[in-house]
Every structure is written in structure tokens, then in C-alpha cells.
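The values are calculated or read from the model by the stated rules, or taken from the named source; none is laboratory data. Not measured: the values here are computed from a predicted model. Note that we place each Cβ from the backbone using ideal geometry, even for glycine, and neighbour counts take in every protein chain shown. Heads up: the accessible areas ignore ligands, DNA and RNA and are worked out on the full protein's heavy atoms, side chains in. Shrake-Rupley method; radii C 1.70, N 1.55, O 1.52, S 1.80 Å.
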Amino acid sequence: EIRPRDWSSDVCSSDLANWTPEGFIGQLFKLIGKYVPPAPGMKSPAMWGSHTHLEALFGSKVSIAAEKKHFNFRYKSPEHWLKIFRTYYGPVLKTFQAVDPTERASFERDIHALLDELNVAKDGTLVVPSEYLEVVITKKR
């Protein structure tokens, strides 16, 4: 488990924007986990988008203000999104590299199913709202 830095330092606050487990990227991480399981003991990075998880990590020496917000992924098409993420987004790129060709085709179908489920555009483009948690963590004095 990754632990936050020692809050006994002079740092007074940190601002974070973390994908939530329930949002699009959190669902994408779950999908990736079907094909490439995380290392033993590792938790999804989307857990940082959970207020409860942050409270457990940082403890009582801080106050946590958090607000759920949305970012819209906008691409020319679902295929365009996949091309960009398959080329540049580490978790998707590495999953395609790690699985055999049969699994690659299955992974691609599953990604398209997720994109189709969440796409709010009706014109062939892709607009997928993705929830994130905007967080300000302040050291209590």
C-alpha cells in the first residue's frame, strides 16, 4: 500500500484530483484488472477517489474537503479514443502489450462495450463523462 507523506513536515495542504472507483476511469481500471491482475497487495489507484479511503490513509491529523466533479472525455469517435489511449495511456497501452492476441481482441471488445455504455453523444462522436474527486487536504494545527 502506498502511504501519504509524513504530515509532521511543514507542508500545510495538498490539492488532488482523483478518478473515482465508480466513474469511467475507475471502471476502466476494473476492466484492465480482468486482463492483467494487479500485483499482490496493490489496490486500484482509483481508491484515491474515495473520501473514505483518503480518511483512512491520512488519519486524524488532517481535514479533508472533497467534492465530486466530472470531466468529459471528447473524441472524434470511440475508435479515436481507443487509438489515442492504446498508444499513449500507460494502463491501456501496457495491457494490450501484456495479453496474447486472443485476449487483445476480447479486451478491445470490452473497452468498446464500456465506451458504448457511457457515451452520451448521439452523432458518432464520443463524449464520456468521468467522475473525479477534487480534494483539498489540510494539516490540522
- Query: Most mobile of 38, 21, 78 per a Gaussian network model of the chain (Cα springs, under 10 Å)?
  - Reply: 38
- On average, how much accessible surface per residue is there in the chain, in Å², for a 1.4 Å probe, leaving out ligands, DNA and RNA? 60
- Message: Bins of 10 Å, beginning at zero and ending with the bin holding the largest distance: percent of Cα pairs per bin for region 87-135, please.
- Response: 22, 39, 33, 6, 0
- Residue-wise HN-Hα coupling along region 60-68, computed from phi with Karplus coefficients 6.51, -1.76, 1.60 (Hz; x: Gly, Pro): 8, 7, 9, 10, 10, 9, 9, 9, 6
- Among 71, 112, 51, the residue whose Cα sits farthest towards the positive end of the charge dipole of the chain, when +1 is placed on the Cβ of each Lys and Arg and -1 on the Cβ of each Asp and Glu, is 51
- With the radius of gyration and the Kirkwood radius both derived from the Cα set of the chain, what is their ratio Rg to Rh? 1.04
- Violating pairs (Cα-Cα greater than 29 angstrom) within the set 61/94; 30/69; 43/76; 30/61; 43/122; 34/140: 61/94; 43/76; 30/61; 43/122; 34/140
- Query: How about region 7-67: which trypsin sites (Lys or Arg not before Pro) there lie in a loop by DSSP and see at most 15 other Cβ atoms within 10 Å?
  - Reply: 43
- Item | Residues whose placed amide H lies under 5 Å from that of residue 22, excluding near-sequence neighbours | none
- For region 66-108 (alpha-carbon point model, no solvent) the Debye-based log₁₀ I(q)/I(0) at q = 0.16, 0.17, 0.33 Å⁻¹ works out to -0.53, -0.57, -1.13
- Task: Using a 1.4 Å probe over the heavy atoms of the protein chains, calculate the carbon and sulfur portion of the accessible area of the chain as a whole percent.
- Result: 55
- Only bridges with both residues in the chain count here: give the DSSP antiparallel percent, nearest 5. 100
- Alpha-carbon centroids, region 83-111 and region 61-76: separation in whole Å: 26
